[in-house]
Amino acid sequence: MAASEIPQPVEPAAAADGPDPTAPAVEEPAAKPARQKALTIGAVCKALKQEFPDISISKIRYLEDQKLLTPRRTQGGYRVYTQSDVQRLRTILRLQRDEFLPLRVIRQELAGGRSDSDVAPGPARPDVRHLRRAAVAVRGPGATYSLDDVVEETGADPKLVLELEDFGVIRGEQRAGVRYYDETDREIVRAVTELARYGVAGRNLRVFRTSADRESALLQQILAPALRSRNPERRREAVETLENLAAVATYLKHLLLIRDLRRISG
């Protein structure tokens, strides 16, 4: 056999720098999500103190009792909170402070997916006209609702609605045998229904009505000439001023109420 025909040994191919593309893929273990740092109730209170000066450990515990918070417990029974818990608590406090929502409604909001990103921090002097419960302009009554509509939307007892009308707290209007109420009346019924859960009866609302009548008379005295003006532009400006004054007056009343409640709880 010729030398050229002698088979030469085949050397193994040098290993490539990278992995062999024919080799089966090896799955990397999935990275474990970073565990959130646990905070004590005292640390949570301190973290929220700047935005909510009135926050306290007892208030946080109360919100937990109301099933709005569910912090994890250690084996020793101590509460530990995650950043998610803190964000949820911040949302609750903002809804209380900026929108005056009761805890029952806040619970529904949270169950519906409302989060901290949906609730912007309140300004130093909030515009009360933008509050959910007070978003009713003074320019007109807006839409009207039958008694059945009001009862369905607010969950109020029909007898309570009629009682409020008897006491002059709301004013209905009869049309073709059906009683109708405007947006303001509907929101009043909603607020009174919440108060009724705490035992506040319709007759107890006279103090609110009297206070509102006095505030209205004061604002009317200030702006009466402009509101009666024959100049449409001046009347429009007067109505805008009336809304601004009403917002400031509402906010002032809220602050005075908070001050007095602090004295009671202190």
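With respect to the numbered conditions (1) at pLDDT 80 or above; (2) closer than 27 Å to residue 51 by Cα; (3) assigned to a loop (DSSP other than H, G, I, E, B); (4) of a type outside the set (Asp, Glu), which one is the sole condition not fulfilled by residue 105?
That leaves (3) as the condition not met.
What number of residues within the range 76-91 are in a strand (DSSP E or B), open to solvent by less than 30 Å² (accessible area, probe 1.4 Å) and either closer than 22 Å to residue 111 by Cβ or touching a helix residue (DSSP H, G or I) at 6+ places or on another chain (Cβ under 6 Å) (or both)?
Number satisfying all stated conditions: 1.
Out of the residues in the range 116-138 that are modelled with pLDDT of 50 or more and either exposed (fewer than 13 other Cβ atoms within 10 Å of the Cβ) or aliphatic (A, V, I, L, M) (or both), state the one that is farthest from residue 196 (Cα to Cα).
117
For the range 198-227, name all the residues that are more than 19 Å from residue 167 (Cα to Cα), of a type in the set (Gly, Ala, Ser) and surrounded by 14 or more Cβ atoms within 10 Å (Cβ to Cβ).
226 - this is the single residue of the range 198-227 that is more than 19 Å from residue 167 (Cα to Cα), of a type in the set (Gly, Ala, Ser) and surrounded by 14 or more Cβ atoms within 10 Å (Cβ to Cβ).
Are any residues in the range 170-184 of a type in the set (A, V, I, L, M, F, W, C), touching a residue at least 12 places away in the same chain (Cβ under 8 Å) and open to solvent by 30 Å² or more (accessible area, probe 1.4 Å), and if so, which ones?
Hit for the range 170-184 is 178, nothing else.
Within the range 228-250, identify whether any single residue is touching a helix residue (DSSP H, G or I) at 6+ places or on another chain (Cβ under 7 Å), open to solvent by 70 Å² or more (accessible area, probe 1.4 Å) and not in a helix (DSSP H, G or I), and answer yes or no.
There is no residue in the range 228-250 that is touching a helix residue (DSSP H, G or I) at 6+ places or on another chain (Cβ under 7 Å), open to solvent by 70 Å² or more (accessible area, probe 1.4 Å) and not in a helix (DSSP H, G or I).
The values are calculated or read from the model by the stated rules, or taken from the named source; none is laboratory data. The model shown is predicted, which means the values in this text are computed figures rather than measured ones. Neighbour counts run over all protein chains shown; Cβ positions are idealised from the backbone, glycine included. Ligands, DNA and RNA are excluded from the accessible area calculation, which covers all protein heavy atoms including side chains. Shrake-Rupley method; radii C 1.70, N 1.55, O 1.52, S 1.80 Å.
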